[in-house]
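Peer 1: Submitted below is the structure of interest, expressed as C-alpha cells.
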Amino acid sequence: MRTLDLLGADAYDADGQHVGTVHDLRLESGARPTRDSGEPAYAMGSLVIGPAGFAHRLGYGRAQMAGPWPLTLIFRRMAARSFVVAWADLERVEHRKVTLRSGADRRPAVEES
Amino acid sequence: MKRIFAVALGLVTAIGGFVDIGNLVTSGVTGARFSMSLTWAIVVGTIGMTVYAEMAGRVAAVAGRPVFHVVRERLGVRFGLFNLLACCLLNLLTLAAEIGGIGMALELVSDVSYLLWVPLIALALWGALWRLPFKVIENLFGVIGLSLLVFIVALFWLPVDWGSLTSSALHPSVPPTEAYTTYFFYAVSLIGACLVPYQIIFFSSGGVEEGWTRSSMFQMRLNTIVGFPLGGVLSIAIMATSAVVLQPLGTDVGHLSQVGLPVALALGKVGLAFAIVGFFAATFAAGAEATLSTGYAVSQYFGWAWGKWLRPSSAPQFHVICLITMILGTMLVLTTIDPITITLVAVVLGAAAIPLTFLPVLVIANDRDYLGDQVNGRFANVMGVVFLAVTVVVSVVTLPLLFWTRGGA
Amino acid sequence: MAEWEWEAATVDQLLDVQIYAADGEPLGKVDDLEFTTPSDGGAPVLTAILCGPSAFGPRLGGLVGLTVWAIGRRLSPTGSDPVRVPMTQVDRVNRREIRLRESARPLGTHRFADWTREHIVCQIPGGSR
Amino acid sequence: MSLRVIGRRIVAGAVPLALLVSGCASPSPTMSDFQTKTRTTARAVAGTAAVAQVSAQAWSRGQLTDAYADTLVTEAEDDVSSIIQTYDSRQPPTAAAVALKGRLDKPLQDISSALTDLRIALRRNDRRGVAQAVAALRQPLTTLGPLQQVGL
C-alpha cells in the first residue's frame, strides 16, 4: 500500500455520509519491526480527515508555525475544521476510499500551541 | 581593512545583482513618458524585493535550504510543478531579453547589429557558466554596481530642476495625455522589474552554494537591506536622467541607446564608456543568473545534484538544463522580436508570477522546525504580508492590463 | 538504528524531503512511501521510500501525471514499480533531509544522472573534466 | 559594409511593437480616430527626430562616439520610416482627413530624408554634412508642432 492510495482519499462514515478527504497520516513509533522497516518501526497511527488540505500542507496543522498574523488565523481555522481518526477505527480501506467504523472517535486535529 | 573590503564588495555586488535589463529599460521608458510620477513603483518593488530576499537568505543560511526545495515541500507536488514551469518560462524570457541587451550594448560599441552578436554571446555565456568559477560572476556584479553609478553622477551634471523632479516624484499623478491603464501598466512593469523571480532563486541558491551559515547572516543582511535599496536608487537615477533629457524631447524610448544618451550629454565619452560597460556587465551577469536559476529550480525540484561549483560531470542534469535554457533563449532572440518588447513582456509576466515564489518563502521563514529562533520577527512578518498582498494585487491586475493597453502602447 | 529527529512523524513531513547518500550526494526526493500490513493484521508499517517518475507521476494526477508515470515506466529497467529504498538503509531522518547509511546499495536514482553524463555531458568538449 | 545592411534590414523588420501596436492597422472609420492617429504619429516622429538631432549635436561636440551616434541615428531613421509606413497604410475616411494627411506628409518626408542625409554624413564623418542635416530637421519639426494638437 502506498500513501498515494490514502492521501486525498474520500472518507465516509458508517452510514455512507461523506465527511471529508484524508490530508495526512500520523505515524507512531513502537510498532513491531519487520524485515524492511528498520529499528524504530513506524506504523500508521491515525488519519487526519477534513474539508481543506492546503493548510496542513503549508504546515499550519501543527504548533510550530510562528506564521504571519493574518495567514495563521485563516489557515489555523481551516486546519481546525479537520479531525483525527485512529487507524483502528477504520471499517474498510479501499483504493482512494476510506470508511469509518460507526461511532469512531473523532479528535480535533489542531494541537493547541 | 580586508573585512571592510569584503563588506564593500558584497554591497556593490548586491547593487549590481539588483539592476538588469528590466530595470534599465523600464526606468528609461517610464522616465521619458511619465517623468518621475512612477517613482513610487520602484520604491514598492525595491522594498518588496529586499524583504523577501532577506527571508530567502535567512532560510538559506540557517536551514541551508534553497527556494525550490521549500516550494515543493510546502506547495506540494502539483502546485510546485506549476510554479516550476512558470519560473522556467519567465527565466527563458528574461534570458532572451538579457541576451538581446548584451547584443544592444555591443552594438553601441561596434555599430554592428545586435542580432549578429547573439550567437557569439550565447557561446560566451555558456563558456562562462561551464568553466568560470562562481566568484567571477559575482565580481561581474560588482563591476555593474560601480559602472552604473555613472547615472547618479550624470544627474548632477545635467541641468536638473530638482524642485520639479522631487515634486513630481512625491505627488504622483497621471499626466492628462495618458490613460490610467497605461499609467498602471508601467507601474506594474516597474514593480515587476524589481521583483524578479530568478533573483530570489539565484540569491538563495547562491547562498547555499557559498555555504552560508548563521555567522554569515550579518553580511547577507547588509547586502539585502543596504545593497538592494541602493540598486533601487540606481533605477530611480536612470529614470531621472531619462525624465530630465528625453521627456522634454517627447521621445518614446524604444532602444537601449536612448537610455544611455543622457549620460553622454552630461559627461561625454568618459561617462558613456562607464554606461556601456554597465549595460554590458548588467545584462551579461543577469543572463548568467537567469540561466543558472533555471538549472537551480529544476534540479532542486526533482532532487538532482545541483550547483555551479560542481563540475559538469558531477551535476550533469543541472548543466544540461542550463545548456537547453541557453539554446532556447538564443533562438527566441534570433526570431528578431525586438528585445525591448521581450523585456517588457518578461517583466510584466514576472510580476504576475511573484506570489507563487513569495508565499512558500514567507511560510518557511515562520517555521520553527526550519529556522528555530531565527523565525520572522513581527516587523518582517508585517512587511512580508503587506508585500504578499501587493504582489497578489499586481498579479491579478497584470494580464488584463497587458492586453488592455496592448503592451503599454 | 535509524535516528529520527522527532517522535511523532507525519507523512506530510516525510513526503518530498531530499534524500542524500552517506557522502552527502543528493539522490532524489521522497516521491512516495510504502507501507506493508504485517501478517498479524495490525496497522500497516512503513517499510520503504519510493523514488522516481513512476512513484512521482501518479501523485500529480491528471494527464501530466499519467505521462510522467508512462515515461518512468518505459525508461526504468525495473518497469512500472519505482526505485525502492528499504527503511533499513536509512541512517537519519529529520525535517530537512534523509541521509542513508554507508552500506546503502547504489540506488536506481543514479541511472538518469549517469545517462545524462554519458550521452550529453561527455560529448561536449571540456565536459568530462 | 554588407554586415550592416543585413543587420539593419532584419532590425527594420522588427520595429518596436509598442509603436506599431499603438497605430492599430484596422482602417479608421471616423475622423476623430484619424485625428488621434495623426496626433500620435506627429508626436512619435517629432520625438524620434528630436533624439536624432540631439545625438548629432552631441556627436559634433565630441560627446558621443561615432558608433553610438550612428546607432542612435540609424534607429531613429528606421523608426521614422516604419511610423510613416504605418500612417500611410491608414485610409483617410473623409475629405478633411485627406487634407490633414496632406499637411502631415510634407514634414514627415522632409524629416525622413533629413535623417537619411544625417546618417550618411555621420558615417562619412562629414561634420559639415551633419550640421546641414541637423539644420534641415529644424523646420519640419516646427511645422509638426501644431499637428500634435490637431483635434484636441
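Peer 1: Which of rounded, prolate or oblate describes region A:3-108 when judged by the alpha-carbon gyration tensor and an a/c cut-off of 1.5?
Peer 2: Numbers: a/c = 2.14, a/b = 1.21, b/c = 1.77.
Since a/c reaches 1.5 but b/c is at least a/b, the shape of region A:3-108 is classed as oblate.
Peer 1: Using the crude model of +1 on Lys and Arg Cβ and -1 on Asp and Glu Cβ, and no other charge, please compute the dipole size for the protein assembly as shown relative to its Cα centre, in debye to 20. Intermediate results must be reported in sequence, preceding the final value.
Peer 2: On the way: 64 positive and 60 negative charges, 239 e Å.
Computed about the Cα centre, the dipole is about 1140 debye.
Peer 1: For chain B, find the longest principal axis of its Cα atoms and tell me its angle to the long axis of helix B:316-334, 0 to 90°, nearest 10.
Peer 2: 20
Peer 1: Right, here's the next one. Say the dipole of the protein assembly as shown comes from +1 at the beta carbon of Lys and Arg and -1 at that of Asp and Glu; which of B:MET326, B:VAL347, B:THR182 then lies farthest toward its positive end?
Peer 2: B:THR182
Peer 1: Pop the C-beta distance of B:THR335 and A:ARG81 into the FRET formula with R0 = 60 Å and round what comes out to the nearest 0.05.
Peer 2: For R0 = 60 Å, the calculated efficiency reads 0.75.
Peer 1: Then there is this: For the protein assembly as shown, place one equal point scatterer on every Cα, skip the solvent, and apply the Debye formula. What is log10 of I(q)/I(0) at q = 0.08, 0.09 Å⁻¹?
Peer 2: Once normalised to I(0) and log-transformed, intensities are -0.73, -0.88.
Peer 1: If I take every Cα pair under 8 Å that is 6 or more residues apart in region B:221-347, average their sequence separation and divide by the length, what percent do I get for the relative contact order?
Peer 2: Answer for region B:221-347 is 14 percent.
Peer 1: Place the peptides B:104-116, D:134-146 in order of packing, highest mean first, counting for every residue the other Cβ atoms within 10 Å and averaging per peptide. Don't skip to the answer; put the middle values down first.
Peer 2: Numbers: B:104-116: 22.2, D:134-146: 15.5.
So the order, starting with the most tightly packed, is B:104-116, D:134-146.
Peer 1: Sticking with this one: Under 5 Å between amide H atoms, partner at least 5 residues away or on a different chain: which partners does C:ALA48 have, H built in plane at 1.01 Å?
Peer 2: So C:ALA48 has HN proximity to C:GLU34, C:MET87.
Peer 1: For A:LYS97, which aspartates and glutamates qualify as cross-link partners when the Cα separation must be under 13 Å and same-chain residues fewer than eight apart are set aside?
Peer 2: Leaving aside aspartates and glutamates fewer than 8 places away in the same chain, those within reach of A:LYS97 are A:ASP5, A:ASP10, A:ASP13.
Peer 1: Give the order of D:SER55, B:SER314 when sorted by the count of other beta carbons within 10 angstrom, beginning with the fewest.
Peer 2: Result, fewest neighbours first: B:SER314, D:SER55.
Peer 1: Here's a follow-up. Per residue of region D:111-122, what does 6.51 cos²θ - 1.76 cosθ + 1.60 with θ = phi - 60° give for ³J(HN,Hα)? Whole Hz please, x for Gly and Pro, Karplus curve as stated.
Peer 2: 5, 4, 5, 4, 5, 5, 4, 4, 5, 5, 4, 4
Peer 1: Among B:ALA288, B:HIS255, B:ALA273, which residue has its Cα furthest toward the positive end of the charge dipole of chain B, with +1 on Lys/Arg Cβ and -1 on Asp/Glu Cβ?
Peer 2: Going by the charge dipole, the pick is B:ALA288.
Peer 1: In region A:9-113, which trypsin sites (Lys or Arg not before Pro) fall in coil by DSSP and have 12 or fewer other Cβ atoms within 10 Å?
Peer 2: Sparse-neighbourhood loop trypsin sites (Lys or Arg not before Pro): A:ARG35.
Peer 1: When the distances between all Cα atoms of chain B are binned every 10 Å from zero, what whole-number percent does each bin get?
Peer 2: Each 10 Å bin holds this share of Cα pairs: 5, 24, 35, 26, 9, 1.
Peer 1: Report, in whole Å, the centroid distance computed from the Cα atoms of region A:36-113 and region B:345-401.
Peer 2: 27
Peer 1: Using 7 Å Cα-to-Cβ label points, what is the C:ASN94/B:THR213 separation (nm, one decimal)?
Peer 2: 1.4
Peer 1: Could the peptides C:50-56, B:243-249 be put in order, highest first, of the mean number of other beta-carbon atoms found within 10 Å of their residues?
Peer 2: C:50-56, B:243-249
Peer 1: If you don't mind, another one. If I model a spin label as a point 7 Å beyond the Cα along the Cα-Cβ vector, how far apart are those points for A:ASP10 and D:SER89 in nm?
Peer 2: 5.5
Peer 1: Here is a follow-up. What angle, in degrees between 0 and 90 and rounded to the nearest 10, separates the Cα long axis of helix B:197-209 from the longest principal axis of the Cα atoms of chain B?
Peer 2: 40
Peer 1: Here's a follow-up. Hey, if you put +1 on the Cβ of every Lys and Arg and -1 on every Asp and Glu Cβ in region D:31-147, which of D:PRO146, D:THR116, D:GLY102 ends up farthest toward the positive end of that dipole?
Peer 2: The listed residue farthest towards the positive side: D:PRO146.
Peer 1: While we're looking at this one, here's another question. What is the mean number of Cβ atoms from other protein chains located within 10 Å of the Cβ atom of each residue in peptide A:40-49, rounded to a whole number? The partial results should precede the final answer.
Peer 2: Values: counts 8, 6, 15, 9, 8, 4, 3, 1, 3, 0.
Taking the mean over all residues of the peptide, I get 6.
Peer 1: What do you get for GluC sites (Glu not before Pro) in region A:42-113 restricted to DSSP loop and a cutoff of at most 13 other Cβ within 10 Å of the site's Cβ?
Peer 2: Here the GluC sites (Glu not before Pro) that fit, given the DSSP loop and packing criteria, are A:GLU111, A:GLU112.
Peer 1: Please tell me the relative contact order of region D:31-147 in percent, rounded to the nearest whole number, where contacts are Cα pairs under 8 Å and at least six residues apart.
Peer 2: 37
Peer 1: Which length gain, in nm to one decimal place, applies between D:GLN109 and D:VAL150 when the Cα-Cα distance is subtracted from 0.36 nm times their residue separation? Spell out each step's value before the answer.
Peer 2: Values: separation 41, 0.36 × 41 = 14.76 nm, distance 1.91 nm.
Contour length minus the Cα-Cα distance gives 12.9 nm.
Peer 1: Hey, what did chain A get for relative contact order, percent, Cα under 8 Å, at least 6 apart?
Peer 2: Computed value for chain A: 29 percent relative contact order.
Peer 1: Oh, and also: Springs between alpha-carbon pairs under 10 angstrom, Gaussian network model over chain B: which of B:LEU84, B:LEU11, B:LEU399 fluctuates most?
Peer 2: Answer for the Gaussian network model of chain B: B:LEU399.
Peer 1: Ignore the peptide's own chain and count Cβ atoms of other chains within 10 Å of each Cβ in C:16-28; give me the average, rounded.
Peer 2: Mean inter-chain Cβ contacts per residue within 10 Å come to 3.
Peer 1: A further question on this structure: Give the angle, between 0 and 90 degrees and rounded to the nearest 10, that separates the Cα long axis of helix B:67-110 from the longest principal axis of the Cα atoms of chain B.
Peer 2: Helix B:67-110 and the main axis of chain B meet at about 40 degrees.
Peer 1: Where does each of B:PHE202, B:PHE284 land when they are ranked from fewest to most other beta-carbon atoms within 10 angstrom?
Peer 2: B:PHE284, B:PHE202
Peer 1: Right, next: Once both labels are modelled 7 Å past Cα along the beta-carbon direction, what's the B:ARG78-B:ARG311 spacing in nm?
Peer 2: Between B:ARG78 and B:ARG311, the simple spin-label model gives 4.3 nm.
Peer 1: Here's another thing I want to ask about it. Considering only DSSP beta bridges with both partners in the protein assembly as shown, what is the antiparallel share in %, to the nearest 5?
Peer 2: Beta bridges within the protein assembly as shown, antiparallel portion: roughly 85 percent.
Peer 1: Just tell me how shielded D:72-78 is by partners: mean number of partner chain Cβ atoms within 10 Å of each residue's Cβ, no decimals.
Peer 2: The per-residue average across the peptide is 4.
Any read-out appearing in this document is the output of simple, stated calculations on the displayed coordinates, not a laboratory observation. If you're wondering where the values come from, they're calculated on a predicted model, not measured in any experiment. No Cβ is skipped: glycine too gets one built from the backbone with ideal geometry, and neighbour counts run over all protein chains shown.
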